[in-house]
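Report on one structure; see the data block that follows.
The values are calculated or read from the model by the stated rules, or taken from the named source; none is laboratory data. No experiment lies behind these values; they were computed from the predicted model shown. Neighbour counts run over all protein chains shown; Cβ positions are idealised from the backbone, glycine included. The protein model used for the area step is the full one, side chains on, heavy atoms only, and it has no ligands, DNA or RNA in it. Shrake-Rupley method; radii C 1.70, N 1.55, O 1.52, S 1.80 Å.
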Amino acid sequence: MTCRICSADVSVLLDLGTSPPANSLKKSPEQVQDSYPLVLEICDNCGNVQLRDCLDEEALYKDYFYVTPSSTLLSRHYDFLQSFLFKNNYLTSHSFALEIGSNVGLFLDHIKPNVAKVVGIDPAQEISELANQKGIETVCDFFNEASSVKLKDQFGNPNIILARHCFAHNCDPHRMLKGVTHLLDDSGLFVIENAYLLNTIENNEFDQIYHEHMFYYSIRSMKALLAIHNMHLVDIIMSPIHGGSIVFVAKKVSAEDKISSAVGKYTLQEDLLLTPSAFKHFVENTWRIKDTLGRLIKGLRDGGWTIYTYGATAKGNTLLNFIGLTDKEIKYCVDSTPMKQGKYLPKSNIKVISEEESQENPPDYFLLTAWNYRDEIVNKVRQSGNYTSQFIVPIPFVHIL
Ligand code: TYD
């Protein structure tokens, strides 16, 4: 196989077996789903880490139930991102902001009062309808060169294009960048927010590997990709969201561009830390977590204790299916998203229930599959008066709260 950024040869970094698409919840436990390999590859030439097998977009988004949760953590993150963009004049009150993969429009809704115009584009039908109902103009389509032509005709050139946690959800990033370079003029900015490979590796976040995540970007691989499209990084900011994310600010190369010192600082940091030994530890720790968590859950279940998972997350499905945990060991999955409730997790067949149902009949343990919202969820459960259920946190190492 070859690198989908630079076409050099790649080698296998980690093989997690097979799993159905992680966001394809089932309407009934009997529904049959196909499973596909989850194999991670690495390119020595440009540093790219990619998923070997890419599913076609239709298979991936057919039964798509990911709705951005309403969360105080996310809302604080939106404030943080918005103030970074305004402080540096990347966004101004005159800006037209276009967001790719805008989901139900929560981020655009956040910035809408402070900019001239916002438009979203998202391929999921039900989800883009929800955004439009809420007043965020959203085009239902995949973002690529063809849709960028239509967007330009309809809305004109955006000053800024944002792709937050969706840029890696695409097996050919060149296609998306062709659309971006078509839409942006020479001063336009492209802001990509993504899980950061260095954090994924350092925190043993192997559960971030699922079919939507077709790339695991580092600064090195992002620079290599942008260079092919005559673009470069002008700024970077780090954020703790989703287990450690990076915000890349890119634009078309021009001699006058001012490059923030953050680009040099974080590049050096990455060169020093994202080493072959870091990758080796990541792989070893992945197998260690599988073994420890598998034994812990099966042991507790055999001892007669009840276990629910908390968060019908995509990463939770990687975790459960890699370890081989099912509705035999785990009674329910709790999730606040109405669209997910009453459905069943892919392969493990665990039924999703609401937080209210869980409060009525709490388990002895919650396996925290939404560990990225750990403090928010633990506080919520404690504030509901439940001081007895314990939390099993799988990442960065298995521990109990
Ligand atoms: P998310 O972090 O987006 O995970 P992934 O990208 O791996 O799918 O999903 C978080 C899930 O957790 C989402 O389905 C909503 C749920 N959730 C709750 O059930 N209660 C909460 O208090 C919060 C914050 C999230």
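Out of all the residues in the stretch 11-54, which are over 23 Å from the mean Cα position of the chain (by Cα) and either of a type in the set (Gly, Ala, Ser) or buried (at least 21 other Cβ atoms within 10 Å of the Cβ) (or both)? Spell out the reasoning first.
First, the residues of the stretch 11-54 that are over 23 Å from the mean Cα position of the chain (by Cα): 11, 27-32, 44-45.
The answer is Ser11, Ser28.
Looking at the stretch 142-155, can you tell me whether even one residue there is touching a helix residue (DSSP H, G or I) at 6+ places or on another chain (Cβ under 7 Å), of a type in the set (Asp, Glu) and at pLDDT below 95?
Yes, the conditions are met somewhere in the stretch 142-155.
Sort through Ser384, Ser348, Ser358 and tell me the only one that's surrounded by fewer than 21 Cβ atoms within 10 Å (Cβ to Cβ) and among the hydroxyl-bearing types (Ser, Thr, Tyr).
Values: Ser348 fails: surrounded by fewer than 21 Cβ atoms within 10 Å (Cβ to Cβ); Ser358 fails: surrounded by fewer than 21 Cβ atoms within 10 Å (Cβ to Cβ).
Going through Ser384, Ser348, Ser358 in turn, the sole match is Ser384.
Somewhere in the stretch 230-243, is a residue away from the ligand (no atom under 16 Å from the Cβ) and part of a helix (DSSP H, G or I)? Don't jump to the end; show me each part of the working.
Going residue by residue through the stretch 230-243, those that are away from the ligand (no atom under 16 Å from the Cβ) are 230-238.
Checking the rest, the ones that are also part of a helix (DSSP H, G or I) come to none.
No: zero hits.
Among (1) of a type in the set (Gly, Ala, Ser); (2) assigned to a helix (DSSP H, G or I); (3) open to solvent by 50 Å² or more (accessible area, probe 1.4 Å), there is one condition Ser148 misses while meeting the rest; what is its number?
Condition (3) is where Ser148 drops out.
Show the residue pairs that are 6+ apart or on different chains and have beta-carbon atoms under 6 Å apart, the first residue being within the stretch 229-240 and on the phi < 0 side of the Ramachandran plot, the second being open to solvent by 30 Å² or more (accessible area, probe 1.4 Å) and hydrophobic (A, V, I, L, M, F, W, C).
His232/Val253; Val234/Ile259
Which of (1) within 16 Å of the ligand (Cβ to nearest atom); (2) free of Cβ contacts under 8 Å to residues at least 24 places away in the same chain; (3) of a type outside the set (Asp, Glu); (4) farther than 30 Å from Ile353 by Cβ is the odd one out, the single condition Ser93 does not satisfy?
With respect to (1) within 16 Å of the ligand (Cβ to nearest atom); (2) free of Cβ contacts under 8 Å to residues at least 24 places away in the same chain; (3) of a type outside the set (Asp, Glu); (4) farther than 30 Å from Ile353 by Cβ, Ser93 is out only on (1).
Name the residues in the stretch 1-40 that are more than 19 Å from Phe279 (Cβ to Cβ) and within 16 Å of the ligand (Cβ to nearest atom), would you?
Hits for the stretch 1-40 are Ser19, Pro20, Pro21, Ala22, Asn23, Ser24, Leu25, Lys26.
Of all residues in the stretch 291-344, which are among the hydrophobic types (A, V, I, L, M, F, W, C), part of a loop (DSSP other than H, G, I, E, B) and open to solvent by 10 Å² or more (accessible area, probe 1.4 Å)?
Across the stretch 291-344, the qualifying residues are Trp305, Met339.
For residues that are within 10 Å of the ligand (Cβ to nearest atom) and either of a type outside the set (Ser, Thr, Tyr) or closer than 22 Å to Ser354 by Cβ (or both), tally how many sit in the stretch 310-332. Break it down into steps so the answer makes sense when it comes.
Taking the stretch 310-332 as the starting set, the residues that turn out to be within 10 Å of the ligand (Cβ to nearest atom) are 310-319.
Cutting the leftovers down to either of a type outside the set (Ser, Thr, Tyr) or closer than 22 Å to Ser354 by Cβ (or both) gives us 310-317, 319.
Here the count works out to 9.
Identify, please: which residue in the stretch 209-229 is open to solvent by 10 Å² or more (accessible area, probe 1.4 Å) and within 16 Å of the ligand (Cβ to nearest atom) and is, among those, nearest to Asn48 (Cα to Cα)?
Tyr216
Ile246 passes all but one of (1) modelled with pLDDT of 95 or more; (2) of a type outside the set (Gly, Ala, Ser); (3) open to solvent by 40 Å² or more (accessible area, probe 1.4 Å); (4) under 23 Å from Phe84 (Cβ atoms); which number fails?
(3)
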